[in-house]
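Read-outs throughout are calculated quantities, based only on the coordinates presented, and are distinct from any laboratory measurement. Just so we're clear, the structure is a prediction, and the values are computed from it rather than from any experiment. Here the Cβ positions follow ideal geometry from the backbone for every residue, glycine too, while neighbour counts run over all protein chains shown.
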Amino acid sequence: MSIRLPRLLAVPAVAAVIALAACAPADQAPQPTADATPTPTPSATPEPIAFHADGTADDNRAIFLETVEQVWSSERSAEGRAYVDALVETGFDKSQMQVSKDLSTVGNPAETMMVSVRWSDSACLVGQFGPDTPSPVAKVFEPLDGVCIPGETRAIDW
């Protein structure tokens, strides 16, 4: 069902549209406003991922994750020690690290593991990886009761 306007209303409406169209100059294109003027943007070169000893945990999250991903893609991906060793090579302080155990309580390979670096009294870099984790992740968390990974962890005694 269509609605039909009475002829008396339709004619003035069409006339108004035609009148407005006639007001615009036919040979001039609309001028851009100041807001629409394109401004060139400098091409930013991304800063290379690097360890920042004087930086924050957030500053070092990318290099922490990159290091964990490198071990994850190696033959030693199920060895917690490999993650600790790689992070030490990158520049992280081994004395501030924790790593979960490689084996479950019944002796099976751990489904997921964690490694952490306590960066300060208020920040920990924590990485999670393992066969049940689709890809490694790294986050910055506040320590819980002074530790980055609560519960029983493996001794880093090498």
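Numbers for the structure displayed
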| item | result |
| --- | --- |
| Fewest-first ranking of S77, S122, using other Cβ atoms within 10 Å as the exposure measure | S122, S77 |
| Gain upon complete extension [D58, D85; 0.36 nm per residue less C-alpha separation] | 7.6 nm |
| Footprinting exposure proxy for I49, I156 (fewest neighbouring C-beta atoms within 10 Å first) | I49, I156 |
| Residue exposure sequence - W158, W119, W72 - by fewest surrounding Cβ within 10 Å | W158, W72, W119 |
